[in-house]
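Let me begin by presenting the structure, written as structure tokens, before commenting on it.
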């Protein structure tokens, strides 16, 4: 689903009596993110859309076939034994003759499981080796993904782009491959990067750098999530991967590299509020004194579809409520309530919504 259509869908108001308008809009955004009306947005390892995911999918089908065969054999033997040795009319109730030390039987239940384990281990090791040692072409996009409680910091070091919670990558053409190589790190606890349709799970471990690559075969939006319990809001540490055509990806990069323009006079008071509060200690924003790393970079805040790593749709109303009381949407979130006056809050939001 194109990002534009996602934005249009989330802007539709949700009816409900007795609720303020911003609550209805928030409910609409949450419903969109949770319901995923497009079946293509449902995360599934059985519908791979990337080369690594397809490789894992083929392995999973082989493992399922082997285990299904084991199930049928075991279930068939149980069913046969249950029917063959059932109690019959006229049985005297005596215990049947007991047989001990059958070498053929013992060899069978030792050797066959061993062979099955060896085959599955070799098949898995081959896939792991194939994915981990795959050579990256010069055209590969380099991305650093850093897990935080509870959001994703995303950096493109060679492109000079920094964003959060939304990974933008180009589609790969078999004739001219352009995979995306991800360096995965953690700033605090163990997280796990998982976009089922694009690749397998890979942990982000403090003090360690893991690697992963994806190679999407079509454009669109793919949903993922942190797959390792990392604290109170683990379930709301979502991830969106937007796959562009090469031309659209180039335009996105250009827009993200562009510096903020002059601040219009009507929103200048909002910038002063931003620079005079604790916002600058946690967030970075090009063109200002803000250079924090504890929270997402806000330079192009309104170019993102969600706030709080997918906790709520991104709009003026939800942004305002997020600043007022972030724990309303994400209980336990590390961002404090700013305790601004209504006038200061409106001025700050007026400024932030210009950051596109």
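Couple of notes before you dig in:
- Qualifying residue in segment 171-178 (condition: out of contact with any helix residue (DSSP H, G or I) (no Cβ under 6 Å at 6 or more places or on another chain) and within 30 Å of residue 283 (Cβ to Cβ)): no
- Residue 198 vs. criteria in the same structural domain as residue 51 (by TED's automatic domain parsing), within 15 Å of residue 49 (Cβ to Cβ) and touching a residue at least 40 places away in the same chain (Cβ under 8 Å): yes
To keep it simple, each residue is scored yes or no on (1) part of a strand (DSSP E or B); (2) over 13 Å from the mean Cα position of the chain (by Cα).
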{"position": "181", "(1), (2)": "yes, yes"}
{"position": "189", "(1), (2)": "no, yes"}
{"position": "193", "(1), (2)": "yes, no"}
{"position": "213", "(1), (2)": "yes, yes"}
{"position": "221", "(1), (2)": "yes, no"}
{"position": "225", "(1), (2)": "yes, no"}
{"position": "235", "(1), (2)": "no, no"}
{"position": "242", "(1), (2)": "yes, no"}
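- Answer from 285, 239, 319 - the residue that is under 16 Å from residue 148 (Cα atoms) and surrounded by 15 or more Cβ atoms within 10 Å (Cβ to Cβ): 239
Yes or no, residue by residue, for (1) surrounded by 10 or more Cβ atoms within 10 Å (Cβ to Cβ); (2) under 29 Å from residue 118 (Cα atoms); (3) touching a helix residue (DSSP H, G or I) at 6+ places or on another chain (Cβ under 6 Å):
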| site | (1), (2), (3) |
| --- | --- |
| 74 | yes, yes, no |
| 77 | yes, yes, no |
| 84 | no, no, no |
| 91 | no, no, no |
| 95 | no, no, no |
| 101 | no, yes, no |
| 105 | yes, yes, no |
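- Check on residue 170, surrounded by fewer than 16 Cβ atoms within 10 Å (Cβ to Cβ) and either in contact (Cβ under 8 Å) with a residue 24 or more places away in the chain or over 14 Å from residue 241 (Cα atoms) (or both): no
- For segment 222-247, a tally of residues being touching a residue at least 12 places away in the same chain (Cβ under 8 Å) and out of contact with any strand residue (DSSP E or B) (no Cβ under 8 Å at 6 or more places or on another chain) returns 4.
- Breaking point among (1) in contact (Cβ under 8 Å) with a residue 40 or more places away in the chain; (2) within 30 Å of residue 173 (Cα to Cα), for residue 258: (1)
The values are calculated or read from the model by the stated rules, or taken from the named source; none is laboratory data. For clarity, every value in this text was computed on a predicted model and none was experimentally measured. Ideal geometry is used to build each Cβ from the backbone, glycine not excepted, and the neighbour counts take in all protein chains shown.
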